[in-house]
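In what follows, a single structure is set out as structure tokens and then discussed.
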Amino acid sequence: MILPQMGGIFLQLSIWELVKSSGPLPKAIMLLLLIFSLFSWAVIFSKWNLFRQASAANRQFLRAFRKAAGLEAVALASEQFRASPLVAVFDYGYSEVDRQLKARGSVTSKVALERTLQLGMSQEVAKLERNMSLLATTATVSPFIGLFGTVWGIIDAFQGLGSAGSASLRAVAPGISEALITTALGLAAAIPASIFYNWFGSSIREFGARMEDFALEFMNLAERNFED
């Protein structure tokens, strides 16, 4: 990075040189922000892959479910679509139907079936939301950590200015540069985390809506096949 000319001298400072010359606290702040960024990107790639597979499996399982003659046929076909959250909801519902059939010979308690399906949906939503708190924390906290580094860098700059005894660019440039680096790292960690947190949150709500619709379809099929 080349700073403006002052008295015929160009002050040239590379980012890496600034990082190496930083004090212990700025380095700790930069390391913390880097860790936040790495963990958030790991969550982003993991969720991206999970949601992509789940969406594809949902579509395939729904086609098989709607074509099947009964729940037994769906249960056999569902093993192919384990990445689908709908399969887990189906397993909960099918287990409840099986219990009621063994006990009474028919599906007599719609309330119990509804509660079981709701439990399955809650479990799957909880799985989809796993590690989302890390993205939220990164998006919320990283700018403030970067801001703390900015304040510290400005303090350093003014100390350099006092030591130099004059308003010299050479005296204040390193501290201000450190401040800008920590600010940039904070934003670099926070912005992707915030974007993907909102995006994934929307996807989770969509998955939840699909599971609620599927629960209604499941109950309709169970009533047609097993009620007296």
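The values are calculated or read from the model by the stated rules, or taken from the named source; none is laboratory data. Source: prediction; values computed, not measured. All Cβ positions, even for glycine, are placed from backbone atoms using ideal geometry, and neighbour counts span all protein chains on display.
Things to note:
- Tally, over the range 68-110, of residues that are charged (D, E, K, R), surrounded by 14 or more Cβ atoms within 10 Å (Cβ to Cβ) and over 14 Å from Met219 (Cα atoms): 1
- The single condition among (1) over 27 Å from Arg59 (Cβ atoms); (2) out of contact with any helix residue (DSSP H, G or I) (no Cβ under 9 Å at 6 or more places or on another chain) that Leu101 does not satisfy is (2).
- Under the condition of being farther than 24 Å from Phe207 by Cα and either touching a Leu at 6+ places or on another chain (Cβ under 8 Å) or part of a helix (DSSP H, G or I) (or both), the residues counted in the range 74-115 number 8.
- Residue within the range 21-31 that is part of a helix (DSSP H, G or I), out of contact with any Gly (no Cβ under 8 Å at 6 or more places or on another chain), modelled with pLDDT under 95 and surrounded by 17 or more Cβ atoms within 10 Å (Cβ to Cβ) present: no
- Members of the range 116-156 that are within 30 Å of Ser84 (Cβ to Cβ), charged (D, E, K, R) and part of a helix (DSSP H, G or I): Glu124, Lys127
- Of all residues in the range 32-67 being of a type in the set (D, E, K, R) and surrounded by fewer than 16 Cβ atoms within 10 Å (Cβ to Cβ), the one that is nearest to Val141 (Cα to Cα): Arg52
- For the range 151-179, taking the residues that are crowded, with 18+ Cβ neighbours inside 10 Å and among the hydrophobic types (A, V, I, L, M, F, W, C), the one that is modelled with the highest pLDDT is identified as Trp152.
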